[in-house]
Amino acid sequence: MVSANYQPDLDIEETQLSNEEIKKRSLTGAFSYLFRSIFLQIIGLISYFLLAAFLKKEDFGVYGIVIAISSFFTIISDIGLGASLIQKKESPTIRELRTVFTIQQILGWTVCLLIIGTAIIMHDSGRLEMGGVWLASAFALSFPIVSFKTISSILLERDLEFGKLAIPVIVEAIVFNVVVIFFAWRGAGVGSWAIAVILRAIIGVIVMLGIKRWSMGFAFSKEAFGNLMKVGAKFQINDMLAKLKDELFTIITAFFLSKGDLGYIQWANQTSRFPYKFSVESVMAVTFPTFSRLQHDNHALKRAIEKTLFFTTLAAFPLLAGFAVMFIPLTHLVPKYGQWQPALLTLTLFCISTAISTISTPLTNTLNAIGQINTSLKLMVMWTILQWTLTPILILKFGFNGVALSSALISLTVFIVVHVVQQKVSFQFIDQIWRQTLASVVMAFVLYYFVSVWNQSFIHLGLGVVLGGIIFLSLMIVTGFEKMKREIVSIIQKK
């Protein structure tokens, strides 16, 4: 079906960027995402702490199952076409954009039906309560709704307009967290998330289309689809393996672990992801389109990788080390947090694996951005095999803690990723991370040694946080003052 105003052979208007402009926009985008992340993480942390008090561990378990179901079926929500448009060197045509939009609408409604059907099956088998079915239905309906903003988002990413991309995300986060906190406080349980998910999707689309309009229409071009799928299929296979490795495994474990155990896993994993979201996810949103534009300049790409590793680990490592230790006294000081004490070991293990992910994720992102998706696929196959063989054994041995232990052990394969990327781009690795690693480990040991002190009151806990910050910064200054100075100056001077 082709709309009346369909213009198949026209390119969209797209800014042609020089290397210097790419660097400038990337740095501006990185800072934009940084400030956005600070704001979002403050909101997210407040919301998270309140929900951890208002909701039960079983609610978190149901939420984790629904998230896994929804995330798993995203393997057919895009089929790699979005990434293919971003990675594409030439400007996309209107024909290509409308083809992608049409396909995403079809896939969105397909995913919607699959999620609802899976939730009903799990409900009938006794593994998901009715509230979980309604929550899954909310996530399901959000897929076709959200697809209305995908093309606008891709066009902004191609022009590296990251500041504009941040606006809908901020609005969505405010709406989602305010709504979910209100209804959780009113005792709605998992239904709190259902209402928030739908409102977030609708408002996000409205805001995004207000920022970036395009000649929306339904159409299908076999030629455009074929050209995009040459690259998109590889991105899709990579994403499919990632879903098989994580989300499908979570769905399967729901049949073998109690909702309480799944709640522990979900809580610990979600807690460990906050520092990751603050540092890596914000940077990753910038690096893929940026690295794609720099793939012809090996030196510029080398420096971009090194800066990414240095600053993401500088932000994430101390936060993760602090989370792993300081949640121990927090579960003593907040009575309702006492329910999470059995999951503290799982939290620590997830923090370790998340810390290593701050290294591996930018590097696999680099492979994708420079067209080495085949190499990424091989790595993902390795991780998928390890996940499905190692985790069941560890669950049998250590219970729900085996999931996080498996994640930590598998993350140690990061050195394979480093070696593979260095074969493509010769960058310095150890020099970018050793100072942050040393400072974070020392900080964690000192804080843990005095954990009984931090247990005494919130004032003591606050003093512990301050002490941890002082230890980390002091060690970074002693071991890496010149390094930090050079990196900060190079950003200011855009070198």
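The values are calculated or read from the model by the stated rules, or taken from the named source; none is laboratory data. Small disclaimer: the values here were computed from a predicted structure and weren't measured. Glycine also receives a Cβ, built like all others from the backbone with ideal geometry; neighbour counts cover every protein chain displayed. To get the accessible areas, we keep the full protein, side chains included, count just its heavy atoms, and leave off ligands, DNA and RNA. Shrake-Rupley method; radii C 1.70, N 1.55, O 1.52, S 1.80 Å.
Quick rundown of the values:
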read-out: Search result, residues across the stretch 466-478 that are in contact (Cβ under 8 Å) with a residue 60 or more places away in the chain and more than 12 Å from Ala321 (Cβ to Cβ); value: Met476
read-out: Which listed residue is closer than 24 Å to Val66 by Cβ and open to solvent by less than 20 Å² (accessible area, probe 1.4 Å), from Ser147, Ser125; value: Ser147
read-out: Scan of the stretch 434-463 for residues that are touching a Gly at 6+ places or on another chain (Cβ under 9 Å) and open to solvent by less than 40 Å² (accessible area, probe 1.4 Å), ordered by number; value: Arg435, Gln436, Ala439, Ser440, Met443, Ala444, Leu447, Val451, Trp454
read-out: Those residues of the stretch 185-224 which are touching a helix residue (DSSP H, G or I) at 6+ places or on another chain (Cβ under 8 Å) and among the β-branched types (Val, Ile, Thr), in sequence order; value: Val190, Ile195, Val197, Ile198, Ile202, Ile203, Val205, Val207, Ile211
read-out: Failed item in (1) open to solvent by less than 10 Å² (accessible area, probe 1.4 Å); (2) within 21 Å of the chain's Cα centre (by Cα), with Glu157 passing the rest; value: (1)
read-out: In the stretch 414-425, residue nearest to Gly322 (Cα to Cα) [restricted to those that are touching a residue at least 40 places away in the same chain (Cβ under 8 Å) and open to solvent by less than 80 Å² (accessible area, probe 1.4 Å)]; value: Val414
read-out: Some residue of the stretch 468-489 being of a type in the set (Ser, Thr, Tyr) and either within 27 Å of the chain's Cα centre (by Cα) or at positive phi (or both); value: no
read-out: Wholly enclosed helices (runs of 4 or more DSSP H) of the stretch 1-118 bearing at least 1 residues modelled with pLDDT under 65; value: 19-54, 81-87
